Amino acid sequence: MTDEIKKGLLGIVVDETTISQVMPEINSLTYRGYAVQDLCEVCSFEEVAYLILNGDLPNSIQLNKFKKEEKANRNITINLREIINHMPKKAHPMDVARTFVSVMGLEDKETSDNSPEANMRKTMRIFAKTPTAIAAFFRVRKGKKIIKPKKDLSFSENFFYMCFGKVPQKEIVKAFDISLILYAEHSFNVSTFTARTITSSLSDIYGAITGAIASLKGPLHGGANEEVMHMMKKIKTPDKAKSWLIDNLNKKQVVMGFGHRVYKSGDSRVPTMKKYFLKVSKLKKDENLHKIGEIIEKEMLKRKNIHPNLDFPTGPTYHLMGFDTDFFTPIFVIARITGWSAHIMEQHISNKLIRPLSKYKGSKHRKVMLLNQR
Ligand code: CMC
């Protein structure tokens, strides 16, 4: 045993996984051995979700079965709809999401069954119902009626439909689908590690995902995509981008959407997402945010040699698609449920209670004084 402290578990390997890795030989994030950018070229989000959860890409029979199950599980209960209807309208959608996943656990008869079969069934229910609940709150807080899911739409099409009442152009849906693929999984990041830690006490998947959502909310993790948008709204126009950045760096403030614990020479997901950010900007005939992004990226590289992470292009892309800024991280949740669930199941299969040590630096042993002597 060593007394050396590795704050933030920096550089510590805590377990093995077969789900994903940033492969050094190709400098890319891989899911089950496939580079994410290659998956983006040929697969739908549903195929990648299947891959992450089952270990291999599906054939057409397996994919159809998976899609059918997802569609069959999209509806949420009247009880949950009522709860969402009564959520405070000003609540952050991430807090609402964490609450309704917890409620879904109360409604599920299999919550405490941690067998692999039950965990896979629960994963499908969480995966299919969470977008419905997120879209419901998207509308409810604007005073609009909840739209029920439609079975003839794909996962991404259906999410747009439930939020806006219509499905946009196929290029927009494709860009959204790509963002879900890129967000789906990223090894032992903080929310996944939270989910695995909760699971390690043999707790259930609903609790683990509820905790993971709370962890993802933070601006150093998933919340960064919202912060990027706040930053771009402050900058307003490309001509202000450089001076804003210099001012920010002079104040020693962190620039959101830049830097990464694992990637130090560029996030392998960024080039793909940037391509779709530009496509969406052109389709929407609004390249203002894209131009701001280009300047910030160039200056960050020049001045700090720090690269953008995935949150940098996704935030403004979601904005152009019409999503409210505080719904960007809930969209990340929709995608990451796949990665979290795969890790929760992996943890259950080879569990060891996660219980690190700390170095005590509090007061020395002292005697307890009676109340009237203190
Ligand atoms: N802006 C300015 N300086 C930065 C940034 C940034 N975004 N990121 C890192 N640095 C500097 C940091 O100040 C430090 O400098 P120094 O050595 O002079 O003190 C150095 O780079 C190393 O950074 P670190 O914070 O020690 O690195 P870390 O691995 O602990 O942190 C991070 C990684 C993601 C928390 C950090 O880069 C950050 O705060 N980024 C902004 C938030 C963000 O975009 N988060 C999303 C992360 S990726 C997707 C996800 O997980 O959701």
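How large is the dipole of the chain about the Cα centre if only Lys and Arg carry +1 and Asp and Glu carry -1, each at its Cβ, rounded to the nearest 20 debye?
Numbers: 60 positive and 39 negative charges, 327 e Å.
Dipole size: approximately 1560 debye.
Over the range 157-222, average the accessible area per residue using a 1.4 Å probe and give it in Å², no decimals.
For the range 157-222, the solvent-accessible area averages 32 Å² per residue.
Kindly provide the trypsin sites (Lys or Arg not before Pro) of the range 72-148 that DSSP labels as loop, not H, G, I, E or B, and whose Cβ sees at most 13 other Cβ atoms within 10 Å.
K89, K90, K109, K142, K144, K145
Return the loop-located GluC sites (Glu not before Pro) in the range 1-86 (DSSP other than H, G, I, E, B) with at most 12 other Cβ atoms within 10 Å of their own Cβ; answer none if there are none.
Of the GluC sites (Glu not before Pro), the ones in loops of the range 1-86 whose Cβ has at most 12 other Cβ atoms within 10 Å are E4, E16, E25.
So how compact is the chain: Cα radius of gyration and Dmax in angstrom?
Every Cα atom of the chain included, Rg and Dmax give 21.7, 76 Å.
Averaging sequence separations of C-alpha pairs under 8 Å and six or more residues apart, then dividing by the length of the chain, give the relative contact order as a whole percent. Please report the intermediate quantities before stating the final value.
Details: 490 pairs, mean separation 82.1, N = 374.
Reported as a whole number, the value is 22 percent.
Within the P(r) computed for the range 224-321, what percentage of the Cα pairs occupies the region above 20 Å? It would help to have the intermediate numbers written out before the result.
Working: 1393 of 4753 pairs.
It works out to 29 percent of all Cα pairs.
Taking the range 208-303, which trypsin sites (Lys or Arg not before Pro) meet the DSSP loop condition and have no more than 13 other C-beta atoms within 10 Å? Can you show the working numbers first?
Numbers: sites: K217, K233, K234, K236, K240, K242, K251, K252, R261, K264, R269, K274, K275, K279, K282, K284, K285, K291, K298, K302, R303; in loops: K217, K236, K251, K252, R261, K264, R269, K284, K285.
Loop-located and lightly packed - K236, K251, K252, K264, K285.
Assuming R0 = 35 Å, what is the FRET efficiency of K65 and K285, from their Cβ-Cβ distance, to the nearest 0.05?
Details: r = 41 Å, r/R0 = 1.16.
Using R0 = 35 Å, I get an efficiency of 0.30.
Starting from the 7 Å offset along Cα-to-Cβ, what nm value, one decimal, do you get for the label separation of M120 and I349?
About 1.0 nm, to one decimal.
Ratio to report: Rg/Rh of the range 30-179, with Cα atoms as the point set and Rh obtained by the Kirkwood method; give two decimals.
So for the range 30-179, dividing Rg by the Kirkwood Rh gives 0.97.
Which pairs, out of K68/K275; K166/K291; K233/K279; K144/K291, put more than 25 Å between their alpha-carbon atoms?
K68/K275; K166/K291; K144/K291
Residues of the range 111-146 with backbone nitrogen within less than 16 Å of a virtual label 7 Å along the Cα-to-Cβ line of N85, please, listed as ranges.
From the range 111-146, the list is 133, 136-146.
Of the accessible area of the range 224-321, with the probe set at 1.4 angstrom, what percent is carbon plus sulfur? Numbers along the way, then the final one.
Numbers: 2550 of 4860 Å².
The value for the range 224-321 is 52 percent carbon and sulfur by accessible area.
Which links in K236/K282; K217/K251; K6/K359; K67/K174; K240/K302 stretch past 20 Å when you go from one Cα to the other?
Working: K236/K282 18 Å; K217/K251 25 Å; K6/K359 11 Å; K67/K174 17 Å; K240/K302 17 Å.
Those over the limit are K217/K251.
For the chain, modelled as a GNM with alpha-carbon contacts under 10 angstrom, which of D95, D177, D311 fluctuates the most?
D95
Compare the Cα positions of V262, M321, S243 along the charge dipole of the range 224-321 (+1 at Cβ of Lys, Arg; -1 at Cβ of Asp, Glu; about the Cα centre) and return the one farthest towards the positive end.
Checking the options against the dipole of the range 224-321, the answer is S243.
Let's see if you can work this out: charge +1 on each Lys and Arg Cβ, -1 on each Asp and Glu Cβ, no other charges. What is the dipole magnitude of the range 224-321 about its Cα centre, in debye to the nearest 20? Provide the component values of the computation, followed by the final result.
Numbers: 21 positive and 11 negative charges, 36 e Å.
Charge dipole of the range 224-321: 180 debye, to the nearest 20.
Name the residue from G143, N85, N119 whose Cα lies farthest towards the positive end of the charge dipole of the range 74-217, charges +1 on Cβ of Lys and Arg and -1 on Cβ of Asp and Glu.
The listed residue farthest towards the positive side: G143.
Rounded to a whole number, what % of the accessible area of the range 1-100 do carbon and sulfur atoms account for, probe 1.4 Å?
53 percent
The values are calculated or read from the model by the stated rules, or taken from the named source; none is laboratory data. Everything quoted here is computed from the prediction, not taken from an experiment. As a convention, Cβ positions derive from the backbone with ideal geometry for all residues, glycine included, and neighbour counts pool all protein chains shown. Side chains are part of the model used for accessible areas, which takes the heavy atoms of the whole protein and leaves out ligands, DNA and RNA. Shrake-Rupley method; radii C 1.70, N 1.55, O 1.52, S 1.80 Å.
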